[in-house]
Amino acid sequence: MNLLSTIYLALVVLAGTGGHLATKQALRRVGEVKRLRPGPILRMLARVMRQPWFWTGIVLMTISFFSLLALLAREPLSLAVPATALSYVVGTFGARWLLGEQVSPARWLGVLLVCAGVTLVSLG
Amino acid sequence: MPMPMRTAFPHASRPVRLRLRTYAFILALVMFSSVGNLFLSLAMKRIGDPHAWTATALFEHLLRILSSGNIWIGIAFQLLFFVCYLTVLSWADFSFVKPSMAIGYALVTLLGALVLGEPVSLLRWFGVALICSGVALVARTDVRTTPS
């Protein structure tokens, strides 16, 4: 695996995770859907689409998707495994440091188990 | 789906209702996503690779993809997934939702083994067990840790 593949791999993980975190930030500004009926959900969708953070998220996820395609054109499919597994850990760090979510030791342990489990499932 | 959910847990207290609601949404969105992927993969397996890497061949390939019914069923399920994902993220922590969604790997493996009779390696079962225990741990933490 050379430098370019490493950059693609980093982009898959970082842009993908960044995209989800930006989407979460947009939703935080929109506020919680309190009543689960079509009206409030549609209003949430209309509002979130007016948030710059939402479109930042969409752009980042698109970059991540095309980086994955570029990575898979150069490297075997098994290289997508660390990208998927790493995104759980990177996403939790991002939620902690960028969004200020409190990650308790139990949640961290759960994330690490999920990360290890996803690796095994993708390899097996 | 939103209509019956409204009165799904009428007697539960608000934090409990929020938690049950979150579980229900994560399960639903994971199923929508898996079913969506199934239809997309069915469609693409039938269509196969483009005949050549020229502009005309690629355009014909795109037309073949867009005229497949299964593609649109797949896209509809993916849209449903995304709406549920945005809805649950409107109240729940990202660090709660993201690892919990890994339960999809367990569901897909179980369905593959039970419904399609696919062989599942021991390594994969071990991975599924790790994922289930991880999700069980995450699911016990607070759904939301930031102020509204």
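Overview of results
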| item | result |
| --- | --- |
| Of residues in region B:11-53 being among the aromatic types (F, W, Y) and either more than 24 Å from the chain's Cα centre (by Cα) or under 17 Å from B:I103 (Cα atoms) (or both), the one surrounded by the most Cβ atoms within 10 Å (Cβ to Cβ) | B:F25 |
| Selected residue [touching a helix residue (DSSP H, G or I) at 6+ places or on another chain (Cβ under 8 Å) and under 25 Å from B:F96 (Cβ atoms)] from A:S78, A:S87 | A:S87 |
| Region A:22-32, residues that are surrounded by fewer than 24 Cβ atoms within 10 Å (Cβ to Cβ) and either among the basic types (K, R) or within 8 Å of chain B (Cβ to nearest Cβ) (or both) | A:R28, A:R29, A:V30, A:G31, A:E32 |
| Residue in region A:76-89 that is more than 18 Å from B:Y105 (Cβ to Cβ) and not polar (S, T, N, Q) present | yes |
| Helices (runs of 4 or more DSSP H) lying entirely in region B:81-140 (those with 2 or more residues that are more than 7 Å from chain A (Cβ to nearest Cβ), of a type outside the set (S, T, N, Q) and touching a Ser or Thr at 6+ places or on another chain (Cβ under 6 Å)) | B:103-114 |
| Any pair with Cβ under 8 angstrom, 6 or more apart, that starts in region B:50-65 at a residue that is of a type in the set (D, E, K, R) and ends at one that is in a helix (DSSP H, G or I) | B:R64/B:I47 |
| Exclusive hit being within 14 Å of chain B (Cβ to nearest Cβ) and under 23 Å from B:F25 (Cα atoms), set A:W108, A:W55 | A:W108 |
| Residue check for B:T56: more than 15 Å from the chain's Cα centre (by Cα), hydroxyl-bearing (S, T, Y) and more than 8 Å from chain A (Cβ to nearest Cβ) | yes |
| Those residues of region A:28-44 which are of a type in the set (A, V, I, L, M) and under 16 Å from B:A92 (Cβ atoms), in sequence order | A:V30, A:V33, A:L36, A:I41, A:M44 |
| Tally, over region A:94-105, of residues that are assigned to a helix (DSSP H, G or I) and surrounded by 15 or more Cβ atoms within 10 Å (Cβ to Cβ) | 3 |
| Residue match in region A:29-50 (condition: charged (D, E, K, R) and within 20 Å of A:G100 (Cβ to Cβ)) | yes |
| For A:T6: the one exception among (1) free of Cβ contacts under 8 Å to residues at least 40 places away in the same chain; (2) among the hydroxyl-bearing types (S, T, Y); (3) surrounded by 14 or more Cβ atoms within 10 Å (Cβ to Cβ) | (3) |
| Output for region A:45-57, where each listed residue is under 21 Å from B:D93 (Cβ atoms), in a helix (DSSP H, G or I) and out of contact with any Phe, Trp or Tyr (no Cβ under 6 Å at 6 or more places or on another chain) | A:L45, A:R47, A:W53, A:F54, A:T56, A:G57 |
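Read-outs throughout are calculated quantities, based only on the coordinates presented, and are distinct from any laboratory measurement. Model, not experiment: these values are computed from the prediction. Glycine gets a Cβ as well: all are built from the backbone with ideal geometry, and neighbour counts include every protein chain shown.
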